[in-house]
Structures are given as C-alpha cells and as structure tokens.
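Notes follow the structure.
The values are calculated or read from the model by the stated rules, or taken from the named source; none is laboratory data. These figures come from a predicted structure and were not determined experimentally. Please note: Cβ atoms are built from the backbone with ideal geometry, for glycine as well, and neighbour counts cover all protein chains shown. Side chains included, ligands, DNA and RNA excluded: accessible areas come from the protein's heavy atoms. Shrake-Rupley method; radii C 1.70, N 1.55, O 1.52, S 1.80 Å.
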Amino acid sequence: MNISADILAFLKLFGKASVPGFGQFTIEKTGAQFNDQTKTLLPPSQLIIFNKNENQNDEGLIQFLAKRNQVTPDRIEKLLKDQVDSWNSTLYSGQPLLIDGLGDFDQQVFKFSGYRIESENSDFFGLEEINITDVQKSSKYKTPKGNIPKDTNKTVSVLLWIFLLVIPVL
C-alpha cells in the first residue's frame, strides 16, 4: 500500500485531504507559468498546497483508504498514524522530507513545495509545455514590410469610429 499515492488520488477526487496529526493538502488552480531556468512556458494546471493543522480530522480520507485497499478503517488509522509519525520525526530531526506525488518540505523554513498536477480539466485540454528557445530559433521568418500600406492603421481607426458613431444613432 502506497499511502502518499492514495492521498494523491483522494486529493484529485475531492480537492482536499486532511491527514490526522499532520495537516491538510489542498489543490489550487494556477495559471500558466514561465520557468526562467528551463525557458519553458507551462500551461495552466493545479498545484498542491499544504496547511499545517494537526487537529483537523476528516473521516473521509480514512474511509477512502480503507475501501481502496480493502482493509478495515482501524487498520488504515494505524498505518496512517505510523506514516505520519515517520514524516513528523523526519521533519523534527531537521531533515528535508519528500512525499512522493505530493511535494517536499524544507525544514529550515518549514516550507512545503507542492507539485504541479497536470490538469485533466477540459478547459486546458491539449495545452502543452512550450519551449521558448525552440520558438525563438524558428522565428527566422519576418513579415514583409513593403506589402502592408502605412495608412492601414488610420483607415481601420476611421472605420471603427464611424461604426461607433453610426450604430448608436440607429
């Protein structure tokens, strides 16, 4: 049984997962982002956020894990408590903690860096990562300046103003 993968599955279904004795993971939508290091434009997606609230308890996660792994809720509570104890002992010893599929903690500033989840939302369907360096290399073709009349912008402006003035009169 992979608890972190099961928590991620629960998180994707319900948008938040409260882990007793540890905290709550939630999903937030993020817009497109530009990565300066790799020179890539990442499409909109979802990001895992963590809020430390050890007292928050949600039976939904335990029931989900029990059903998914076909074990009793009591057994899941014990396994989850053991996992949380392991995570907490790693954090309190000052070591960084990596939770597969969810993110990692930097104990120095107790900062959680959640992973991006590729969006399965139809709003972003088909959007892919764009490597800007590839785009710059392929932009060697320039628009011909001689074929476009210089007064095109003035003509468009005049037509726009005519339509804006004529339509309210009608």
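Which pairs, out of K16/K81; K16/K39; K29/K81; K12/K67, put more than 23 Å between their alpha-carbon atoms? Could you put the intermediate results ahead of the total?
Values: K16/K81 19 Å; K16/K39 31 Å; K29/K81 29 Å; K12/K67 16 Å.
The answer is K16/K39; K29/K81.
Where does the charge balance sit around I62 when Lys and Arg score +1, Asp and Glu -1, over other residues with C-beta under 15 Å from its C-beta? Combined, the nearby Lys, Arg, Asp and Glu give 0.
The loop-placed trypsin sites (Lys or Arg not before Pro) in segment 1-75, going by DSSP, that have at most 16 neighbouring Cβ atoms within 10 Å of their Cβ come out as K39, K52.
As a calculated quantity, the FRET efficiency between F14 and Q70 at R0 = 30 Å, using C-beta atoms, amounts to about 0.90. Protein-only accessible surface at a 1.4 angstrom probe places the residues S93, S18 in the order S93, S18, largest first.
Dividing the mean sequence gap of close Cα pairs (under 8 Å, 6+ apart) by how many residues segment 1-40 holds gives a relative contact order of 24 percent.
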